[in-house]
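Chemist: The structure is given below, and queries will be raised subsequently.
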Amino acid sequence: MNKIKSVIFASVVLTMVFWGAVSGFCGYLITDADGARAMVSNGKIKSVAGDTDDETVIMDLKKGEIIMLDDSKKTATRTSIDDFCAMMDQVGSAMAQAMEQFREQSGGSGQFEIPGLDSGPGDVRVEKSGPGGAIAGYDTQKFRVFADGELYEELWITTDKKLIAEAGGLDKIARFEKCANQAMGQASVESHPDYISLITSGWLLKSVSHEDGVPETMVDVRSIESRKISDSEFAIPGDYRQVGFEEMLQMDPN
């Protein structure tokens, strides 16, 4: 599951920075509390997870291209957003089939169902909760997301005019977000149109999950720095072996 979680993490980070992914900006370095970093420059986004076991993900909005790097194995894969979406659809379908088989084998019991993956959230509602205070020097708006009437997630988003003045790539980012979350199930909260619309409406600076009633901070941006970023940051290193996208997503038991 680590590979899938890595892709979903990247989708959150990419959403967080898409407003800056345009040629008018010299670049941004965004750092999260857990050490995760995102670099943005001239339509290219690179997200580096705080967990060294997760992949580095690079997205080129102009080319509609995604690159994944496994730094521990020095492997890389390059694919289009179209192919990425097709693969995530297959992953989501395979997971749904596996859960259905498991339910049949367990006599149809709902004891082992996973909320948002097995049966879906049913009703998803986004609520604007007023000002969220300043995060990393930017004013935010707080939102709450409910699934079946229960609090699912709290989000703090900024729409600072200076940052979004030259915004671009919204359609590709929204599609990437939707496809990445398909791996969690077609009926997941994250795949709901209202949820996708919310998290692609600005910079996501903080999010707290309340799934299963247990608060867990998922995104916690601590700093946003304007910085010139070299094009080499968005290239596949010369000593990395290129593999197919399916191979990169394979689960590693170790």
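Coordinate-derived values only; no laboratory data. What you see is a predicted model, and the numbers here were worked out from it, not measured in a lab. Note: ideal-geometry Cβ built from the backbone for every residue, glycine included; neighbour counts use all protein chains shown.
Chemist: Can you give me the long-range amide H partners of ALA36? Hydrogens built in the peptide plane at 1.01 Å from N, cutoff under 5 Å, separation of 5 or more residues or another chain.
Modeler: Sorted by chain and number, the residues that satisfy this are GLY50.
Chemist: Turning to a different aspect of this structure: Just to verify a number: FRET efficiency for GLN90 and ASP51, C-beta to C-beta distance, R0 = 30 Å, to 0.05? Don't skip to the end; give the middle numbers.
Modeler: Details: r = 25 Å, r/R0 = 0.83.
FRET efficiency, GLN90 to ASP51: 0.75.
Chemist: Got a sec? Which residues in the stretch 201-227 would a label at THR159 touch, if it sits 7 Å along Cα→Cβ and we count backbone N under 14 Å?
Modeler: 201-204
Chemist: In addition: Give me, ordered by chain and number, the residues 5 or more places off ARG222 or on other chains with an amide H under 5 Å from its own placed amide H.
Modeler: Correct list: THR31, ASP32, ALA33.
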